[in-house]
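A quick write-up on the structure given underneath.
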Amino acid sequence: MAPSRHDITNSALAKGLFWASCLALFGLLVGCRGAPGGLPQTQRQTPEEVLRQALTLLREAVPSQATYTNAVQQLNTYLSLLPPGKINWSLSEEVKAVARELTAGLPPRSIKRPSGEEEPFTQEYQIRTLEQLAFDRVDAGYLNRAFLFQDAVEELLEDVAPIPREAGLALQRWQRRFAEHAFSWCMRQVQYEPNRGAYDSWPAHEVLRRGTGDAEERALVFLALLEQTDLVGCVVLRPSAESFADSPLYSYWLTGVLVGDDLLLFDTARGEMLRQANAMPLTLRQLLREPQLIQFLPESLRLTSDVLQQLRLGLFTELPGLSPKMKQLEEWLGEARKVRLHVNLADRKQRLEQAQLNIPIIFWRDPQRSWFPSLTIARFVVNPLNQPRYQPRIVVETDYQGRMRVKFLDGPIVPRTYWTPQWAMEIAERLPPYAADRLFRTFDNLILRVRTEPGGPRDLLVRGQVLQALAALEQLERDMDEKLATFYRRMGGDFSTTGNEDPVLVFRNKWAPEVIRLYQQFELRRAQTPPGTRDPILTELTTRIEALWRQHTATLYYLNYDWATPELLEQIAYLTALGRLDLAIHLEMRLPEDPSPARLEEVKREYETALYWLKRYQALMATRSRRQWERAVAHLLPLAERGALRLHARLRGEHPPVAADALPYLLAAGKP
């Protein structure tokens with residue numbers, strides 16, 4: 001039987017680059033949380049050497065796109081070399097009970113799909129994978145998350161004084177200061193986006209790199225950051241409107257951080273720590289004791305006294321954090337990489353109970369989203385709804401005449417349909433999906449490299465490596481200028497073999513009709529050829545198609561740069577402004593008690609540079625209808641303006657006393 005239209009991506013042309021790269025990275029990690037896999041061992045490698053290689057990968061200061069996948073493969077190779085029974089990763093009954101609670105919304109027993117594969121979103125499957133003697137691609141995603149937030153925490157800790165050694169008021173002041181500093185950083189990095197439509201919630205590290213999120217997603221980012229510290233964070237849950245007396249449901253309200261025997265409260269929608277009229281923090285204990293203090297909350301968050309008595313404190317973590325394998329890996333990494341991989345939720349629950357806030361503590365799960373929040377990485381990896389993640393998703397539609405057409409659905413990262421010209425989209429819609437993607441490969445990669453790729457400018461920025469991020473952005477701008485100069489200088493010249501004709505016109509008017517015709521012949525012939533049969537006509541068509549692509553490689557490459565330029569300019573302006581502001585805040589937080597004028601001038605200069613880039617962003621986007629970072633810039637501008645004024649005042653000798661736990665960059669000029 002001839003293959004169906006939906007099998008089009010398995011054609012001879014599609015298998016080349018796509019499956020080669022996929023097999024290189026994921027071939028040994030089967031399914032969502034598949035069977036054990038690893039790299040082949042050479043005769044000269046001992047198990048210890050294989051483990052050392054894996055740990056070396058994980059200790060990289062600047063990871064690459066393949067770091068965590070390759071590390072997981074190496075770890076699986078090491079495990080496959082050990083004698084049976086040497087490692088036991090069985091869950092304790094206590095941890096198993098926590099895992100069951102976090103996954104209680106899933107079907108309890110294993111389910112087989114019609115294809116014969118096991119459904120990953122069942123309790124039995126998820127708990128079994130926590131105990132398996134192998135790492136999988138969900139574990140790789142969890143490692144990505146943990147190392148990203150550990151790097152961020154390490155930089156933020158440098159901004160505050162050393163942690164007091166003994167418990168007491170000094171430690172509580174330090175915790176309060178660090179909690180607010182970390183929260184402010186998260187809110188700067190993740191722009192508030194109140195409504196994301198039908199998209200799934202992304203895991204915290206992906207939200208952080210994406211740079212946008214609703215109140216709930218911003219809370220995930222903040223709490224993931226706190227997991228890399230000794231502070232206990234939780235969500236404060238309110239009764240949901242869909243609740244019944246015999247079946248209560250709870251929804252996200254605020255985020256809390258335990259300091260002493262009380263909870264600091266944070267509003268992730270507004271991006272602020274809750275305060276009273278005297279600017280002192282408003283804590284949960286105070287709110288329960290004096291319900292009239294609810295007036296200091298925005299109207300949308302105000303609750304009645306009765307509802308306040310029905311609150312719950314919710315604890316959670318990504319499910320791989322409960323696994324013994326993460327505890328073992330944390331021990332293998334040792335002091336050389338102080339990342340926290342294993343999460344003891346029972347201990348965190350006990351610490352909250354000891355505060356005696358008289359509020360029940362539960363393990364948070366959303367009854368309406370059985371996978372949320374502890375399976376967001378698994379959900380992101382499996383993507384059962386086939387939602388756009390980074391690149392646009394391709395759909396094949398049939399019109400009323402039965403003709404098949406390719407359509408693109410843009411995701412939140414790559415706005416392909418917004419920036420590429422209509423004539424290019426019309427060409428793409430007449431090509432098979434795998435061929436249509438080739439038209440925009442450089443366009444997609446340029447944007448993904450900036451926004452999401454580990455080791456890219458955005459990734460470096462959220463890791464706290466601000467100077468490296470700024471240098472990467474400067475290099476990108478130079479490279480873009482060079483490519484555009486070449487493109488416009490040679491518009492009427494010869495990129496490949498087009499003589500003196502305009503290569504873009506040749507591409508549109510000659511190459512496109514010819515390649516569309518050849519692909520149509522190829523698909524028709526392939527549908528008529530029995531699977532597994534060698535057809536010389538298919539081989540000839542493949543050769544001719546590839547020759548056409550090679551002929552206009554340069555034209556397409558420079559066109560993609562031209563299409564991506566407006567998007568890249570926006571990202572460069574915004575990320576540079578954000579990086580400069582972060583750098584100014586880091587410098588101000590690290591000023592000594594009596595800084596020299598030169599140090600103060602350095603900080604002032606950074607605030608002024610941040611202000612310049614923020615205004616440059618506004619000028620750049622003034623005539624555009626699509627402004628991705630408009631809300632973020634509106635939030636950052638006052639910070640930069642106040643910072644410049646405050647440092648200018650300090651240079652004049654005006655420096656009023658500041659509370660020990662206050663953050664200087666949140667103060668207005670001249671105000672304590």
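The values are calculated or read from the model by the stated rules, or taken from the named source; none is laboratory data. Please read these numbers as outputs of a predicted model, since none were measured by experiment. Neighbour counts are summed over all protein chains in view; Cβ atoms, including those assigned to glycine, are modelled from backbone coordinates with ideal geometry. Surface accessibility is based on the protein's heavy atoms, side chains included, excluding ligands, DNA and RNA. Shrake-Rupley method; radii C 1.70, N 1.55, O 1.52, S 1.80 Å.
What the table shows:
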{"read-out": "Net lengthening on full extension, V395/R624 (0.36 nm per residue, minus Cα-Cα)", "value": "79.6 nm"}
{"read-out": "Options (i) 208; (ii) 179; (iii) 253 - which one matches volume of the Cα convex hull per residue in Å³ as calculated here", "value": "(i)"}
{"read-out": "Area of S201 that stays accessible when all protein chains are in place (1.4 Å probe, Å², to 10)", "value": "10 Å²"}
{"read-out": "Accessible-area order (highest first, 1.4 angstrom probe) of the listed residues K96, K325, K112, K615", "value": "K112, K615, K96, K325"}
{"read-out": "Relative contact order (%) - the stretch 466-575, alpha-carbon pairs under 8 angstrom, separation at least six", "value": "34 percent"}
{"read-out": "Cα pair distances exceeding 17 angstrom across the stretch 543-657, given as percent", "value": "63 percent"}
{"read-out": "Of all accessible heavy-atom area on the chain, the percent that carbon and sulfur account for (1.4 Å)", "value": "51 percent"}
{"read-out": "Chain lengthening between E299 and N278 when straightened (0.36 nm per residue, less Cα-Cα)", "value": "5.6 nm"}
{"read-out": "Probe 1.4 Å, all protein chains present, accessible-area order of Y617, Y558, largest first", "value": "Y558, Y617"}
{"read-out": "Surface accessible to a 1.4 Å probe, H205 within the full protein complex, Å²", "value": "10 Å²"}
{"read-out": "Bridge type composition, the chain - antiparallel percent by DSSP, nearest 5", "value": "85 percent"}
{"read-out": "Set of lysines with alpha-carbon distance to K407 below 25 Å, sequence-local pairs under 8 removed", "value": "K15, K510"}
{"read-out": "Shape parameters for the stretch 82-141, alpha-carbon atoms, Rg then Dmax in Å", "value": "13.1, 37"}
{"read-out": "Dimensions (Å) - the stretch 359-494, Cα atoms, principal axes, largest first", "value": "72, 56, 19"}
{"read-out": "Label point distance in nm, R405-E477, each placed 7 Å from Cα along Cα→Cβ", "value": "4.1 nm"}
{"read-out": "Magnitude of the charge dipole, the stretch 108-190, Cβ model with Lys/Arg +1 and Asp/Glu -1, debye to 20", "value": "300 debye"}
{"read-out": "For the stretch 198-266 and the stretch 414-458, distance of Cα centres in Å", "value": "34 Å"}
{"read-out": "Partners for K615 among lysines (Cα-Cα distance below 22 Å; same-chain residues under 8 apart left out)", "value": "K604"}
{"read-out": "Solvent accessible area, Å² - L541, 1.4 Å probe, full protein context", "value": "10 Å²"}
{"read-out": "Separation of the Q292 and W423 label points, Cα + 7 Å toward Cβ, nm", "value": "7.2 nm"}
{"read-out": "Partner lysines for K349 [C-alpha distance under 27 Å; skip if fewer than 8 residues away on the same chain]", "value": "K96, K325, K327, K338"}
{"read-out": "FRET efficiency, 1/(1 + (r/R0)^6) with R0 60 Å, evaluated for S240 and R544 via beta carbons", "value": "0.50"}
{"read-out": "Dipole of the chain, positive direction: furthest Cα of P324, A424, Q45, with charges on the beta-carbon", "value": "A424"}
{"read-out": "Full-extension gain in nm, R631 to K96, via 0.36 nm per residue minus C-alpha separation", "value": "188.3 nm"}
{"read-out": "Simple spin-label estimate for R605 and A161 in nanometres, 7 Å along Cα-Cβ", "value": "3.0 nm"}
{"read-out": "Centre separation in Å (Cα based) which lies between the stretch 129-145 and the stretch 571-636", "value": "38 Å"}
